[in-house]
Structure formats: structure tokens, C-alpha cells
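Here is the structure we will look at.
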Amino acid sequence: MTEFPGGSIVHGPRRAEVNGAGGSDGRRRLGEAGLNAKPSGRMHVADSLEGGVPARTVGEVSVEDPVFSCRDVSVFYGAKQALHSVTLDIARRQVLAAIGPSGCGKSTFLRCLNRMNDTIPGARVTGTITLDGQDIYDKSKDIAQLRARIGMVFQKPNPFHKSIYDNVAYGPRIHKLTRTRADLDELVFTSLSRAGLWNEVKDRLSAPAVGLSGGQQQRLCIARTLAVQPEVILMDEPCSALDPIATARVEDLIEELRASYAIVMVTHSMQQAARVSQRTAFFYMGKLIEVSDTDHVFTNPQHRLTEDYITGRFG
């Protein structure tokens, strides 16, 4: 039995609402994907590879009933073009991993999906991106409401300088998702449970969130994202600042959450992409080179750039 700040009581904990979609035991292991886990002689991309970028993306860019549909999406920062005519659908209840070397455009693409590039002076996006068939760049769109539908988890945990409870309750309060304090308490409980954090913080909900460990802070940020009931979760290298134990917990959480959400994750770790994603998109020099089922990308890549990248010849 746990008493929330303000007096409401929740008897629990109860089983999280999401059933694990495979769990940690069901995740692909690196050896099964045929990936060279410790490539020797990693080097910068050779000049000869720069001329090998295909005119069109290799693989199947379309899926049935996509949550996101992107067509000919390009991004410019001033006069510089950072993303070149990317066409890609994002499936429901699936993890799409975006991989590629630094500066290849994968994070730029991710930020297009919730219009975070709008905050960058001089940034310009062309092409079409639809969410459930509606153009997210339509001038009539309420950006705040759009971002409530598309949650974002950043590279480094960024909890608010508030209590653990208030971090999770912040979004529902802003968007007026609950009517009573009891409803808000229930939503906080559910979000923390789904993020795998409830048992660790239930007795200190009033404590500052910044006092949590790095891994706990990242799971708190995931709980904060879940609290606004999004349709899609975007993750920009969510484990890059975490130790291996915390990383494993977040990966297990991603595997569970994909039963309910579409997840797009940028990662520099090909091992992580092989473990948690069902579909992988390889970006290079601002272009989408290849996209396919994760097993297929790592065991039988169709383009030489993809093969050279995942085997460690450049990166």
C-alpha cells in the first residue's frame, strides 16, 4: 500500500498493462545476427565508398497501415542540406532502429517526426510526413498537441528539477488528461509501473528526481513520456550515457513497450539494434541507404555500404 503526496492511496503494485512482447529471453542475440561484435581495423569511410551511394533506397520502404508515412523528406540548415529525399514508412507496434555513422542524418530524421527541427534557426523541412494520414506540417496543426502524441526520450536523462511524482504528473496536468487527484495518482502509478520503476521509487515519490541514478532517471523520463499517452515514442540514443546494467533494463523495457507503441530509436550500437529492433534503417551521408527486417539487414545486407558499415570497415 502506497500513499501518494496529497493523501490518495494505491494498493499494489499490480502487473503492468503491457504484456511483454518476447521479453529479454526473446531478444535477438548478436551472434544469432551474424554481426561482428568487435570489428578490428575500424576506420573512417574510404573515399571510394563515397561514390557508392545508391540513387534509390534499397529494400522495402513501405509497410501496411503505417503510423508514420514519410515521402521525399529533405532537411536544410541554412544552405546546407542534411537530409536528402528520405522516403520511409514506420509500422505500428514495432521498433525501427536508425543506424549509421555520426553526421549521417539519422537524428535529423528523428527530429522531423515531432517537428523539433522547428526550434532550430534556419532549419527547413520539405516533403511530406503524415501521422495517421494527417500532414504534421500543416499550418493548422497544434504543435503542442502533436508532441503529446509523439513522445521523445533524449540521449541524456533530463528530469525536471521537481519531485519524482511531479515529473510524471507534469504532462497530464498541462494537457488536462485527468479530472481528479485520484485519477492523476493512478496515471502516475501506471506510468511508473510500465517504465519498470514503481517498486524502486514508490516510497519516495516526493524526493527530487535528480537524486535518482542515471538509469533510473532515464526510466523516469520514459515514464514521463508514457504519462501523456502517446502513439509513438522517439528515442535518440537512449542508452548511450548508461552503464551496461541500466542499458539492459531499458532494452527490456523497449521490448515490452513495442507491444503497444511504434518506437523509432537512433543508436550507434549495432549490437543494440540487433537485439531490440524488428526493422533497421541504415543512413549514410544524409541518405537512407537500406531498410529491411533487422535479421535481413545484419545477415544479408543488399548494399555494399550497409555491409561495410555493419562489419566495421568504417564508422
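What to note about this one:
- Residue check, SER240 assigned to a loop (DSSP other than H, G, I, E, B), of a type in the set (S, T, N, Q) and at negative phi: yes
- If you go through the range 73-93 and pick out every residue that is open to solvent by 10 Å² or more (accessible area, probe 1.4 Å), at pLDDT 95 or above, aliphatic (A, V, I, L, M) and within 14 Å of ARG124 (Cβ to Cβ), you end up with 1.
- Unique residue being assigned to a loop (DSSP other than H, G, I, E, B) and open to solvent by 50 Å² or more (accessible area, probe 1.4 Å) when the list is ASN158, ASN199: ASN158
- Cβ-Cβ contacts under 7 Å between residues 6 or more apart (or on different chains), taken from a first residue in the range 288-315 that is part of a strand (DSSP E or B) to a second residue that is of a type in the set (A, V, I, L, M) and surrounded by fewer than 24 Cβ atoms within 10 Å (Cβ to Cβ), are listed as ILE289/VAL53; ILE289/VAL58; GLU290/VAL58; VAL291/VAL61.
- Of all residues in the range 46-72 being more than 21 Å from GLU231 (Cα to Cα) and of a type in the set (A, V, I, L, M), the one that is modelled with the lowest pLDDT: ALA46
- Verdict on ASP183 being open to solvent by 10 Å² or more (accessible area, probe 1.4 Å), part of a loop (DSSP other than H, G, I, E, B) and at pLDDT 95 or above: no
- Total residues in the range 243-287, condition open to solvent by 40 Å² or more (accessible area, probe 1.4 Å) and assigned to a strand (DSSP E or B): 1
- For the range 229-241, a residue qualifies if it is crowded, with 21+ Cβ neighbours inside 10 Å and more than 10 Å from the chain's Cα centre (by Cα), and exactly one does: CYS239.
- Candidates ILE174, ILE136 - the one that is within 28 Å of CYS112 (Cα to Cα) and either surrounded by 22 or more Cβ atoms within 10 Å (Cβ to Cβ) or in contact with a strand residue (DSSP E or B) (Cβ under 8 Å, 6 or more places away or on another chain) (or both): ILE136
- Residue identified as without any contact (Cβ under 8 Å) to a residue 40 or more places away in the chain and of a type in the set (A, V, I, L, M) among LEU205, LEU197, LEU177: LEU197
- So LEU131, is it over 21 Å from SER292 (Cβ atoms) and open to solvent by less than 30 Å² (accessible area, probe 1.4 Å): yes
The values are calculated or read from the model by the stated rules, or taken from the named source; none is laboratory data. Note that the coordinates shown come from a computational prediction; the quantities given were computed from them, not determined experimentally. For neighbour counting, all protein chains shown are included, and Cβ atoms are generated from backbone atoms with ideal geometry for every residue, glycine included. Surface areas here come from the heavy atoms of the whole protein model, side chains and all, with no ligands, DNA or RNA. Shrake-Rupley method; radii C 1.70, N 1.55, O 1.52, S 1.80 Å.
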